[in-house]
Every structure is written in C-alpha cells, then in structure tokens.
Amino acid sequence: MTKEPASDRFAARFNDAGFAVLAFDHRRFGESGGAPRQIVDFDEQVADWHSAIEYASGRPDVDPERIAVWGFSLAGGHVFRVAADHPRLACAIAQTPLVDGRAIAPHALRSMTPVALLRLLGRGVADALGGLVGRPPLLVPTAGPRGAVASLTTPDAMDGDRALDPERRHTNWEQTVAARIALRIGWYRPGRRASQVRCPLLVVVCDQDQSVLPGPAVRAAGNAPASEVVHLSGRHYAPFLESHEQAVEAEIAFLHRHLDPRDPGHLPPATMAEVRRPERLGR
C-alpha cells in the first residue's frame, strides 16, 4: 500500500486539524527506493517506521515528545511493534489493523477456491526460491475476486479501489505484491507486542471486516495498558467509505487529547507538500 491512496484523506484531515503530518512509502514501494520492487519484508518496513520517527524527531519544528503514529491494515499491525519499540511516543492509532496472521488465515483460506490457493502457494514457493538466486519477484495482484490468484480474495478485498482511489487519480499505483507474502503473512503476529505498548493506543475496528477480522484487534487492544477501541459499522475499508466521518472524528479527538495542537507553543501545521512528500525513506 502506497502513501497517497492509503493515507491522503486522513492526512489532509489531520493537517486541517492542526497537526503536522509525515507520510512515507515503505522501501521497495511507491516513491521510496529499494530493489527488487514490491517485496513485503515486515522487519524492513518496521525499520522504515523507525527512520521516519528519527527524521521527524530531528526537525526543528517538531516537538519530539509529541509524536504519534498512524497505520492502516498491515501498517496498522506494524503500529503495535513500532509503539512497543518507542516508549516516548505520545500516542498511536491502529486502524483496522492486521494483528494476528495466524488468527485470520483460516478465514482467508476459506475465501479462496482450492485451485486458486494451490496456484498461489505454488507461485509463492517459486517466488521465494527464485529470490534466493536473484531472480525478479513473481508478482500477484494485492486483491482479487474469489477464484483469482491474488494475495487476498476475501469478500471485502475488492473494496479497495473505490475506497482509496475513487476518482482514479493515482494512475501509477502498482497494486501487485511479490507472491512470497502468501508464505509469510500467516506467521506475522504483531499484536503479541501489545502488552509492551506504553503510550495511549487507539484501535479502530470495523465490525463486519472480512479481511483482518475485528476480534483479533480487540483482543490485542485488551492487552495494551492504555488502549481504547472504537467500533465502526462496515467492512475493512469502511473508514474510507461510509464510516469515514466517524473514524476521522474519533481519531482527531484522540490526537487532540494526547498531542494538544492548540497549545500556542506547539509546532505550526505542515504544508500539504510536507504531508505528501517530505522525504524518501526507502533504501
């Protein structure tokens, strides 16, 4: 997921509310560097978050004691790890986060046809083995209908286009991923770090979410010492669709409580240029 389709609408609203916003692409994706392209490496991506926090903390117009992190879906899962690693964060928001790959894997598998599953796993094995000898990644679509050979074919997987890019403005948005993710996602369990998150944590779940499921995120939030859970009606992409205003209002209220941009001594709002392209953090 690249930053413009995934974060534009929320970044703009946060900025309008008085918050400086730093948005970045993980390495190997979007405007960030790194090759081969379209490979999801969880540890690399979390390291990019650390770099983003370090960069923001070093800016003269940023108070390092008033930094928050926000992530959606897979990046929402990363938020648990990042917040656990950075006890000085003022707060963190995980929106419809993927917190437990093992818990959601059975549902994801049932959403695939047997033939599509076998083809995806075969492509994943070939991709992983090819990567060991330097071959280019074997790519699959990030989402597809049931029966497609795609990373995700849950009932709400195809809502992404109309949720994130309804006007088709992002013509260069590459919606593919290296197939090896199919072998790894079930083992990714960032919610297990919840008990180590010391900052206030807001977890936003959608009660009809068919991609990451609401239950694992609610349970993970219950293990965090200072967590809040907001329930929205709708499926995985509802925070960008029918529940957008409720999500924005809850998240901005949370940020106001823990960052207080109305303090006269606080940093001025960033320009939208800073919001969208402050720096390329990928390597």
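If DNA, RNA and ligands are ignored and the probe is 1.4 Å, what is the ranking of Glu251, Glu31, Glu174 by accessible area, most exposed first?
Glu174, Glu31, Glu251
When DSSP beta bridges are limited to those with both residues in the chain, what percentage is antiparallel, rounded to the nearest 5?
Details: 3 of 18 bridges.
Given both bridge residues lie in the chain, the antiparallel proportion sits at roughly 15 percent.
Report the FRET efficiency, 1/(1 + (r/R0)^6), for Glu242 and Arg146, where r is their Cβ-Cβ distance and R0 is 25 Å, rounded to 0.05. Present the calculation step by step, with values, prior to reporting the outcome.
Values: r = 23 Å, r/R0 = 0.91.
Computed FRET efficiency for Glu242 and Arg146 comes out at 0.65.
Just to make sure I understand: if all protein chains stay in place, what is the order of His244, His256 by accessible area at 1.4 Å, largest first? Mind dumping the intermediate values first?
Details: His244 10, His256 40 Å².
Ranking His244, His256 by accessible area, largest first, yields His256, His244.
Give me the number: length gained by fully extending Ala253 to Arg184, i.e. 0.36 nm times residue separation minus the C-alpha to C-alpha distance, one decimal in nm. It would help to have the intermediate numbers written out before the result.
Values: separation 69, 0.36 × 69 = 24.84 nm, distance 3.55 nm.
Value of the extension gain: 21.3 nm.
Please find the FRET efficiency linking Asn172 to Asp16, where r is the Cβ-Cβ separation and R0 is fixed at 22 Å, and quote it to the nearest 0.05.
Numbers: r = 26 Å, r/R0 = 1.18.
Computed FRET efficiency for Asn172 and Asp16 comes out at 0.25.
For the range 34-113, which GluC sites (Glu not before Pro) are both in a DSSP coil and crowded by at most 13 other Cβ atoms within 10 Å? Write out the running numbers ahead of the final one.
Values: sites: Glu44, Glu54, Glu65; in loops: Glu65.
Here the sparse-neighbourhood loop sites are Glu65.
For the chain, set up a Gaussian network in which alpha carbons nearer than 10 Å are linked by springs, and say which option among Leu259, Leu132, Leu183 fluctuates the most.
Checking each option, the largest mean-square fluctuation is seen for Leu132.
Work the Kirkwood hydrodynamic radius out for the chain: mean of 1/r over every pair of different alpha-carbon atoms, inverted, in Å. Working shown, then result.
Numbers: mean 1/r = 0.0523 Å⁻¹.
Result for the chain stands at 19.1 Å.
On average, how much accessible surface per residue is there in the range 1-105, in Å², for a 1.4 Å probe, leaving out ligands, DNA and RNA? Please list the in-between numbers first.
Values: 3550 Å² over 105 residues.
On a per-residue basis, the range 1-105 sits at 34 Å².
Could you tell me which of rounded, prolate or oblate describes the range 133-204, using a ≥ b ≥ c as the square roots of the eigenvalues of the alpha-carbon gyration tensor, with rounded for a/c under 1.5 and, failing that, prolate when a/b is larger than b/c and oblate otherwise?
Note, shape of the range 133-204 comes out oblate.
On the full set of protein chains, 1.4 Å probe, figure out the accessible area of Arg193 and give it in Å² to the nearest 10.
Accessible area of Arg193: about 60 Å².
For the chain, what is the mean residue ellipticity at 222 nm derived from helices alone (per DSSP H run of n ≥ 4: -39500 (n - 2.57); sum divided by total residues; nearest 500 deg cm²/dmol)? Before the final figure, lay out each step's value.
Details: 10 runs with 111 residues, N = 283.
Mean residue ellipticity at 222 nm (helix-derived): -12000 deg cm²/dmol.
Mind checking the full-extension length gain between Ser51 and Ala226? Use 0.36 nm per residue of separation minus the Cα-Cα distance, one decimal, nm. Intermediate values should be presented prior to the final figure.
Numbers: separation 175, 0.36 × 175 = 63.00 nm, distance 2.49 nm.
Using 0.36 nm per residue and subtracting the Cα-Cα distance, I get 60.5 nm.
Could you report the range 206-264's accessible area per residue, 1.4 Å probe, as an integer in Å²?
On the way: 2630 Å² over 59 residues.
Accessible surface, normalised per residue, equals 45 Å².
Students often get this wrong: which residues of the range 43-82 have the backbone nitrogen under 19 Å from the point 7 angstrom along Cα-to-C-beta of Arg102?
Counting backbone N atoms under 19 Å from the label point, the list is 43, 77-78, 80-81.
Which percent of the accessible area of the chain is formed by carbon and sulfur heavy atoms (probe 1.4 angstrom)? Walk me through the intermediate numbers first.
Working: 6920 of 12790 Å².
Heavy-atom surface of the chain belonging to carbon and sulfur, 1.4 Å probe: 54 percent.
The values are calculated or read from the model by the stated rules, or taken from the named source; none is laboratory data. Computed from a predicted model, the values in this text were never measured in an experiment. Here Cβ is always computed from backbone atoms with ideal geometry, including for glycine, and neighbour counts include all displayed protein chains. Heavy atoms of the whole protein, side chains included, go into the accessibility calculation; ligands, DNA and RNA do not. Shrake-Rupley method; radii C 1.70, N 1.55, O 1.52, S 1.80 Å.
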